[in-house]
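Novice: Submitted below is the structure of interest, expressed as structure tokens.
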Amino acid sequence: MDNTVENLSRAGIGYIKRGSIYAIIVAILDIPLYILEFLFISRFTGIINSVTSNGLHMPAGEYYIFYTLMLISLAGLIILTFGIANYREGFRNFKGLDTRFSKPFSYSKYVIMLYIIFIIVYVFILAFLPASNQNIHFPALSSSSTLAHVFLVLLLISALIVLIISVLALVGFIYILIGLYRFSGMVHQEVGELGAILYIIPIANIVSPFLIYVASSRAEKLRVPDE
């Protein structure tokens, strides 16, 4: 079968394009996120020293950075989940034409599952964090307590489940990049292939969704309108 841009569904290309738009928003959010992370890490020693027997009490500046980091990270995770979901729908449309898109479609669900877990964790953390730099207490659990044992068992089971999903999500992430690379190759857009490769390079991955967007936009224009 001639796997050219004319054979791809307009809906599938549209999903890839929308997925890249979500990823672009996250890339823009990453810029202040990197700055805040640098500021937070540069003050890490002072933050560690703030831990006392009475709980954790960060200075106002450090606490504001930490709280803002959590909010931006949560927003980024939610937006990126929608982006991955759109990529997945694009692969669903393409797998009938090329079975090599089947694994990117199948495994991408684990990336979505992992992001949803992270979102739930972030929401719980933010729900219990005060909006200002008040003392945060971490009461110790008695090692002889039945409740402590139950808590630890549940924690270990949860950690094991998250670990398994994380491994599958890593495979899924790799397959997503392979899917984007194959899509860009099918529509003869080397810029998209470059974007898929740059996703694995820290800092440089900020430009990746822009390149995928350019590739999908060009493919959309080249696509013969559906009858």
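Read the figures in this text as sums done on the coordinates, not as results from a lab. Keep in mind that this is a model prediction, so the values were computed, not measured. Here the Cβ positions follow ideal geometry from the backbone for every residue, glycine too, while neighbour counts run over all protein chains shown.
Novice: Mind pulling up the Rg/Rh value for the stretch 153-227? Radius of gyration and Kirkwood radius, both on Cα.
Specialist: On the way: Rg = 17.0 Å, Rh = 14.1 Å.
On the Cα set of the stretch 153-227, Rg over Rh gives 1.21.
Novice: Then there's this: Straight-line reach from residue 95: which lysines have Cα under 20 Å away, leaving out those fewer than 8 places along the same chain?
Specialist: Straight-line reach from residue 95, under 20 Å: 17, 103, 109.
Novice: Return the sequence-ordered ³J(HN,Hα) values of the stretch 153-168 in whole Hz as given by the Karplus equation 6.51 cos²θ - 1.76 cosθ + 1.60 applied to θ = phi - 60°, using x for Gly and Pro.
Specialist: Karplus-based 3J(HN,Hα) across the stretch 153-168 equals 5, 4, 5, 5, 4, 4, 5, 5, 4, 5, 4, 4, 5, 5, 5, 5 Hz.
Novice: How much length would be gained if the chain were fully extended between residue 174 and residue 125, taking 0.36 nm per residue of separation minus their Cα-Cα distance, in nm to one decimal? Each step should come with its number before you reach the end.
Specialist: Values: separation 49, 0.36 × 49 = 17.64 nm, distance 2.91 nm.
Result: 14.7 nm gained on full extension.
Novice: Cut-off is 10 Å between beta-carbons; in what order do 18, 100 appear when sorted fewest neighbours first? Show your work: numbers first, answer last.
Specialist: Numbers: 18 19, 100 16.
In increasing order of surrounding Cβ atoms, one gets 100, 18.
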